[in-house]
Amino acid sequence: MYAQMVKTDADKVRDISEMSPEERAFQERIDRGEKIEPTDWMPDGYRKTLIRQIGQHAHSEIVGQLPEGNWITRAPTLERKAILLAKVQDEAGHGLYLYCAAETLGVSRDELIELLHAGKMKYSSIFNYPTLNWADIGAVGWLVDGAAIMNQVPLQRTSFGPYSRAMIRICKEESFHQRQGFDIMMKMAKGTEAQRRMAQDALNRFWYPSLMMFGPSDKDSVHSAQSMAWKIKINTNDELRQKFVDQTVPQAEYLGLSIPDEHLTWNEDKGGFDFSEPDWSEFFEVLKGNGPCNRERMDARVKAWEDGAWVRDGLMAHADKRAAARQAAE
Amino acid sequence: MGGSNDKIASDILFEWLLRRGDTVLVLGHRVSEWCGHSPVLEEDIALANVALDLIGQARMWLSLAGEVEGKGRGENELAYLRDAWDFRNVLLAEQPNGDFGKTLMRQFLIDTFQVLQLKELETSADPRIAAIAAKAGKEAAYHLDRSADLVIRLGDGTPESHRRMQDALDQLWSYTGELFTSDEIDQAMSDAGLAPDPASLKSEWQKTVDEVLAEATLTAPDSAFAHLGGLTGRHSEHLGHLLAEMQFLQRAYPGATW
């Protein structure tokens, strides 16, 4: 899940009888499962919330290049290097896709990037954690992409057409990435003692931050209720987190790794695992900018943007010259 | 052994293949350093794509080199377990990225060479070389389209982009001569009909480069001086650091499979 705690501006979810005729017609279309397209009428709140959500998702893809890029130059074989490069290229492609989807709502990519750099938009908390050993690249694919897929698969059915279509494509690539991540974990977990140690260390560090990706419990959140009414959120955070844990625990067992949670137990009645909550105070600190890598991540993005200004300006200037030359020739 | 080639001694063919493989490996590594740090999202994608192609080409050349050598070394042993003096890439490939302009200029100068060399290699008397060249040639043609186009746009963009591209050209020019040096290995390869003599590619390379630079309003330095050494294993200080990073896991954890 690359969008966390997206606000809707709603103070309560309104009953259909309280809506204007336009709004009612809009809500009825959503309830019938119709897709909303960019030129259709939509409430301001829907538009703003989607811009926040899609923008946050796009930023996550872009910032998410950094922890993985950290190991591209140190990948242990040429095949692993090629796979990781292809993966990070996919992430950049997802970012591009999502910025385009956001642009259909009337905001430009540059505006969104400026908001990110000014600290006014977020990206997923997970990318503020460091990748310290090679198994982290496996763990990111297995756990982080795994958690993202949990959220993104249902979002293929989201009400906003461009977002839904982007998700369909992105999900195909993400599930590929998750398999590649698990494959790295397999090699590490079945490898030398040092490799097993790396694998366990990666799981220890990424387990709780992965659970945090779903966001705190939102069963009482007005924002989540509104987003669910608009079908831009399909499941509650707790539902998705439970599903993720239930899927991941047997995989960890298969790898011979231990989930770092002494309270993890199978609960026959609910047909799922009981597990410990992550430390939510840590989560809120990370959101405030106090994660291990917040500063490095943002500094790296701002530096890339500022260092690249002359390139973007040069390309624009050349395009203007060409346009002027064409005009003169006519 | 699948590595036999009755037209040439295997140690000569091995050396020549390392020159191909190491140049694209080292260049691919350099390009991959940009991941997540480029000036614009489209370039993040393009740079990753170019790096991916180059690493793919390196894998093909180095696998064949290992096969020809016949000592059981594969692409990974060759990439990760040789020290700098055994690398045979041109010095141009290992030059640090610098700013985007320098990375791009380095790419353009090598792409132009790659396109010409790979085109000739498609008719190599060794079908294994011809097959690699056919695949790599398509990629190189795309890389050159992109790098030449960007050199033109940025050379003839703003005064600052022009200055940066001119600086890049000035810094890198003396490393281009090595591409066209020709020694007994090239001679033997050429005599056997396996590869073109690099010197024979110079005039065509110059023509393309001149055309692009003219359109980019850039001027090549008026100097024929060439830094040499990469192709025979005498490198700049930069390669050791690049390899220390690239080879870290294989060196620190010998015998592990990844």
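The values are calculated or read from the model by the stated rules, or taken from the named source; none is laboratory data. Please read these numbers as outputs of a predicted model, since none were measured by experiment. Virtual Cβ from ideal backbone geometry, glycine too; neighbours counted across all protein chains shown. SASA here: full protein model, heavy atoms, side chains in, ligands and nucleic acids out. Shrake-Rupley method; radii C 1.70, N 1.55, O 1.52, S 1.80 Å.
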>> Testing the spin-label approximation: label points 7 Å from Cα along Cα→Cβ at residue A:220 and residue A:25. State their distance in nm.
In response: 3.9 nm
> Taking a probe of 1.4 angstrom, what is the accessible area of residue B:41 in Å², to the nearest 10?
Replying inline: 20 Å²
> If you find the alpha carbon centre of the range A:291-330 and of the range B:181-215, how far apart are they in angstrom?
Replying inline: 35 Å
> Kirkwood hydrodynamic radius of chain A from all distinct Cα pairs, in Å?
Replying inline: 21.3 Å
> What is the spin-label model distance, in nm, from residue A:324 to residue B:125 if the labels are put 7 Å beyond Cα along the C-beta direction?
Replying inline: 5.7 nm
> Which trypsin sites (Lys or Arg not before Pro) in the range A:92-175 pass both tests, a DSSP loop state and at most 14 other beta-carbon atoms within 10 Å?
Replying inline: A:120, A:157
>> Take the residue pairs A:190/B:71; A:48/A:233; B:7/B:202; B:7/B:207; A:187/B:71 and return only those whose Cα atoms are more than 22 Å apart.
In response: A:190/B:71; B:7/B:202; B:7/B:207; A:187/B:71
> So if we plug the beta-carbon distance of residue A:157 and residue B:138 into 1/(1 + (r/R0)^6) with R0 = 41 Å, what FRET efficiency do we get, rounded to 0.05?
Replying inline: 0.55
>> Within 10 Å of each candidate Cβ there may be at most 12 other Cβ atoms; applying that plus a DSSP loop requirement, which GluC sites (Glu not before Pro) in the range A:165-270 survive?
In response: A:262, A:268
> When only Cα pairs under 8 Å and 6 or more residues apart are kept, what is the percent relative contact order across the range A:145-215?
Replying inline: 31 percent
> Taking the Cα atoms only, what angle lies between the long axis of helix B:237-246 and the longest principal axis of chain B, rounded to 10 degrees?
Replying inline: 70 degrees
> In percent, how large is the relative contact order of the range A:81-165, given Cα pairs closer than 8 Å and 6 or more residues apart?
Replying inline: 22 percent
> Where the Cα atoms of the protein assembly as shown are projected onto their three principal axes, how long is each span, largest first, in whole Å?
Replying inline: 86, 70, 39
>> With a cap of 15 neighbouring Cβ atoms within 10 Å, and only residues DSSP puts in a loop, list the chymotrypsin sites (Phe, Trp or Tyr not before Pro) found in the range A:23-110.
In response: A:41
>> Given contacts defined as C-alpha pairs under 8 Å and at least six residues apart, what's the relative contact order of chain B, whole-number percent?
In response: 24 percent
> Under a point spin-label approximation (7 Å from Cα along Cα-to-Cβ), what is the residue A:262-residue A:32 distance to one decimal in nm?
Replying inline: 5.8 nm
>> Quick check: the angle from helix B:41-69's long axis to the longest principal axis of chain B, C-alpha only, nearest 10 degrees?
In response: 30 degrees
>> Skipping prolines and chain starts, which residues have an amide H placed within reach, meaning under 5 Å, of the one on residue A:272, given they are 5 or more residues away or on another chain?
In response: A:267
> So if R0 is 41 Å, what FRET efficiency would residue A:7 and residue A:204 give, r being the distance between their Cβ atoms, rounded to the nearest 0.05?
Replying inline: 0.80
> Just counting partner chain Cβ atoms within 10 Å, what average do the residues of peptide A:83-90 show around their Cβ?
Replying inline: 6
> Of A:7/A:172; A:122/A:243; A:87/A:270, which ones are farther than 31 Å apart at the Cα?
Replying inline: A:87/A:270
> Which sequence of A:171, A:100 reflects their accessible areas, 1.4 Å probe, from the largest down?
Replying inline: A:100, A:171
>> For the ranges B:88-96, A:216-224, what's the packing order if you count other beta-carbon atoms within 10 Å of each residue, average per peptide, and put the highest first?
In response: B:88-96, A:216-224
>> Per DSSP helix of 4 or more residues, -39500 (n - 2.57); summed, then divided by the residues of the protein assembly as shown. What does that give at 222 nm, rounded to the nearest 500?
In response: -20500 deg cm²/dmol
> Rounded to the nearest 0.05, what FRET efficiency do residue A:285 and residue B:170 have when you use their Cβ-Cβ distance and R0 = 56 Å?
Replying inline: 0.70
> Relative to the longest principal Cα axis of chain B, at what angle does helix B:10-32 sit, 0 to 90 degrees, rounded to 10?
Replying inline: 40 degrees
> Under a straight-distance cross-link criterion of Cα-Cα below 13 Å, which aspartates and glutamates are reachable from residue A:303, leaving out those fewer than 8 residues away in the same chain?
Replying inline: A:114, B:99
